[in-house]
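Worksheet for the structure shown next.
Here, each number is a calculation from the coordinates, and none is a lab measurement. Since we're looking at a predicted model, the values are computed, not measured. Cβ coordinates were reconstructed from backbone atoms using ideal geometry, including for glycine residues, and neighbour counts include every protein chain displayed.
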Amino acid sequence: MNEQKLDFLQNKLISLAEKIDPDQKPAWGKMSAQHMLEHVAKFFEVSTNKRHFDLVTPVEYLPKYKEFLWSDKEFRENTKAAMLPEEPEPLMYENYNDALQFLKQEVSQFFSFFKDQPALTTQHPAFGDLNFEEWVQLHHKHVIHHLRQFGVQF
C-alpha cells in the first residue's frame, strides 16, 4: 500500500480543495470548480457501490488499464471518461462549500466502507473490479489530475 497516497486522500485532499477559488477557470475542460468537486465525489460513490455504471472497457483490455493504473503516467488533459456525457451534469449542490462537504463525506465513507474488508472489490466502469489498494491508486491519480486542472500546487 502506498502510504503517501493514502495519507494524501485522507488528510490533504480536502484542505487543497478548500484553497480553490470557486470562480477559478479550469486550465482545460468544461467543468467549473464545483462541477469538479461533485464529479470527484461521485467517483468516490462508485468505489463504495452507491453509484453504478456499466463496464465500458472490453474485458480483454482491462490488463492494459490496470497497467496504466499502477504506472506513474498521469491522466492527459481533456481525458474524457466514456461513461460521462459531453457536457458537465447539472450541479447537485447550491454552492461550492456544500459540494466540498459532499466530497468530504464521500472520502470519509470510502475509508469506512473498506476498513474491515480491504480485499472487497467494486467495479469502476473503465478499470473493472478494484480492491481498496487499487481504488486508492485510482482516486489519487484522479484527484491529482483535477487539482492540477484548477492550478492547485502541492
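Of note:
- Under-5 Å amide H pairs with Gly151, H placed in peptide plane, nonlocal only: Ala27
- Restriction of the GluC sites (Glu not before Pro) in segment 69-154 to DSSP coil positions whose beta-carbon has at most 13 other beta-carbons within 10 angstrom yields Glu74, Glu77, Glu86, Glu94.
- In the chain, helical runs assigned H by DSSP with n ≥ 4 each contribute -39500 (n - 2.57); averaged across all residues and rounded to the nearest 500, the mean residue ellipticity at 222 nm is -14500 deg cm²/dmol.
- Approximate spin-label separation Thr57-Gln117, in nm, with each point projected 7 Å along Cα-to-Cβ: 2.3 nm
- Segment Ile14-Glu94, length gained on full extension (0.36 nm per residue, minus Cα span): 26.9 nm
- Here the calculated FRET efficiency for Gln109 and Ala81, from their Cβ-Cβ distance with R0 = 22 Å, stands at 0.55, rounded to the nearest 0.05.
- With contacts taken as Cα pairs under 8 Å and at least 6 residues apart, the chain reaches a relative contact order of 41 percent.
- Where a label projected 7 Å from the Cα of Lys30 along Cα→Cβ would reach, residues of segment 86-120 with amide N under 19 Å: 86-93
- Per-residue extension of 0.36 nm, minus the Cα-Cα distance of Glu133 and Glu3, leaves a gain of 45.8 nm for this segment.
- The residues packed around Tyr96, meaning those with a beta-carbon under 13 Å from its beta-carbon, carry a net charge of -4 if Lys and Arg are +1 and Asp and Glu are -1.
- Of the trypsin sites (Lys or Arg not before Pro) found in segment 76-154, the ones in coil according to DSSP and having at most 13 other Cβ atoms within 10 Å of their Cβ are Arg76, Lys80, Lys115.
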